[in-house]
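S.K.: After the structure tokens below, expect a handful of questions from me.
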Amino acid sequence: MPWIHRPLLINSAWVLCACALVTAGTPTGAPFIKPSPLPYHAPQFDRIQDGDYLPAIEAGMKAHLAEIRKIADNPTAPTFENTLVAMERAGSLLTRTTKVFFAITAANTNPTLQKVEEEVAPKLAAHSDEIYLNPRLFGRVKAVFDQREHLKLGPEGRVLVERYYRDFVHAGAQLAASDQTRLRALNQEESKLITEFQSRLLAATKNGALVVADRASLNGLSDGEIDAAAADAKGRGLEGQFLLPLQNTTQQPALASLADRSVASGCSRPPWTAPPTVMPMTPRPSSCASASSGRKRPACSATRSSPPTPCPPRWRGPLRPLRSS
């Protein structure tokens, strides 16, 4: 979907949340209060600390819901501009923060960020449900969807209307109230399980690294790769040894270069054969529970020509913005 230029909208709820961040003491989440002044609004990583994410995410959710409620309670008839475009422009603080947060946790996480992720995962799931399961908001989206043929929308606008309507339906907007209550609980449960799975998988991957004592055993690797292995080992307190971390669950880049077959075998075998006693953080329990949770989901929609569609087992994050700022 093309990104549409828009001015920065600041409403009273956003300002109050920003003020709360500034006055709450450190960490404050201050780097996220305003769009970054860097080119393309690139994150100001020199200012961002691990403790900035949680307060910014919580303030962003609060401001976002205030904006959504204002849209849902709008007394004027629903239109493309006052409903769909308004939703696209809502949640700028939350979007700014979560884009950076989840990029960092995916690429360079640490125990502090993992704890934040575990805390915010169910909150973000509940936040998403507050939006997608809001009957007044869905009523406005459906009203625009039903009249889309007569709105003279461009191709982008038409896709936007159809995508929002489909997302709301798949998220459970047409379910009975009792099923929506069940779905909210399952979404929060699954968000916790997915986060637990990711944490366990990371721990299992780190635990499955191969430690080599002799530099000669790494013949075939470049000096830079061997030095990196020595640095990785030192980082884990294995001074004088070499550590080859798992780069992929089934294929390791070092296999193409290692001359010692026994070392190559030791590098390739753990991901395939290591039992839980070797990799005690294996994610099997949480993945099985997550699959079980998915099977319990109520049907989101049903038509005469198709069977019920289970609600998708995914975290539905902030609504897609038209701009990153």
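The values are calculated or read from the model by the stated rules, or taken from the named source; none is laboratory data. If you're wondering where the values come from, they're calculated on a predicted model, not measured in any experiment. Cβ placement follows ideal geometry from the backbone for every residue including glycine, while neighbour counts extend to all protein chains displayed.
S.K.: Which condition does Leu246 not pass, out of (1) within 25 Å of the chain's Cα centre (by Cα); (2) of a type outside the set (Asp, Glu); (3) under 25 Å from Lys123 (Cβ atoms), if it passes all the others?
M.R.: All conditions are met except number (3).
S.K.: Could you please find all residues in region 234-254 being surrounded by 14 or more Cβ atoms within 10 Å (Cβ to Cβ), over 14 Å from Gly208 (Cα atoms) and either among the small types (Gly, Ala, Ser) or touching a Cys at 6+ places or on another chain (Cβ under 6 Å) (or both)?
M.R.: Matches in region 234-254: Ala254 only.
S.K.: Taking into account only those residues within region 122-181 that are part of a loop (DSSP other than H, G, I, E, B) and surrounded by 19 or more Cβ atoms within 10 Å (Cβ to Cβ), which is farthest from the chain's Cα centre (by Cα)? If you could, list the steps in order and put the result at the bottom.
M.R.: Of all residues in region 122-181, those part of a loop (DSSP other than H, G, I, E, B) come to 133-134, 147, 151-154, 171-176.
Checking which are surrounded by 19 or more Cβ atoms within 10 Å (Cβ to Cβ) leaves us with 133-134, 171-173, 175.
Numbers: Leu133: 20, Asn134: 22, Ala171: 16, Gly172: 20, Ala173: 22, Leu175: 25 Å.
Checking each candidate, the answer is Leu175.
S.K.: If a residue has to be under 19 Å from Ser262 (Cα atoms), of a type outside the set (Val, Ile, Thr) and either in the same structural domain as Thr109 (by TED's automatic domain parsing) or more than 33 Å from the chain's Cα centre (by Cα) (or both) to count, how many in region 211-229 make the cut? Break it down into steps so the answer makes sense when it comes.
M.R.: First pass over region 211-229, keeping only residues under 19 Å from Ser262 (Cα atoms): 211-222, 225-226, 229.
Filter again for of a type outside the set (Val, Ile, Thr), leaving 213-222, 225, 229.
Okay, now just the ones that are also either in the same structural domain as Thr109 (by TED's automatic domain parsing) or more than 33 Å from the chain's Cα centre (by Cα) (or both), so 213-222.
Number of matching residues: 10.
S.K.: Continuing with the same structure: Does Ala107 satisfy being crowded, with 17+ Cβ neighbours inside 10 Å and free of Cβ contacts under 8 Å to residues at least 40 places away in the same chain? Outline the logic, then answer.
M.R.: Values: crowded, with 17+ Cβ neighbours inside 10 Å: no; free of Cβ contacts under 8 Å to residues at least 40 places away in the same chain: yes.
So Ala107 fails the test.
S.K.: Next up: Can you go through Ala216, Ala231 and tell me which one is in contact with a strand residue (DSSP E or B) (Cβ under 9 Å, 6 or more places away or on another chain), loosely packed, with under 14 Cβ neighbours inside 10 Å and in a helix (DSSP H, G or I)?
M.R.: On the way: Ala216 fails: in contact with a strand residue (DSSP E or B) (Cβ under 9 Å, 6 or more places away or on another chain).
Unique residue meeting the criteria: Ala231.
S.K.: Looking at region 185-200, which of its residues are within 16 Å of the chain's Cα centre (by Cα) and either charged (D, E, K, R) or closer than 19 Å to Ala106 by Cβ (or both)? I'd like the intermediate steps shown before the answer.
M.R.: So the first thing to find is which residues in region 185-200 are within 16 Å of the chain's Cα centre (by Cα), and the list is 187-199.
Answer for region 185-200, where residues must be within 16 Å of the chain's Cα centre (by Cα) and either charged (D, E, K, R) or closer than 19 Å to Ala106 by Cβ (or both): Glu189, Glu190, Ser191, Lys192, Leu193, Ile194, Thr195, Glu196, Phe197, Gln198, Ser199.
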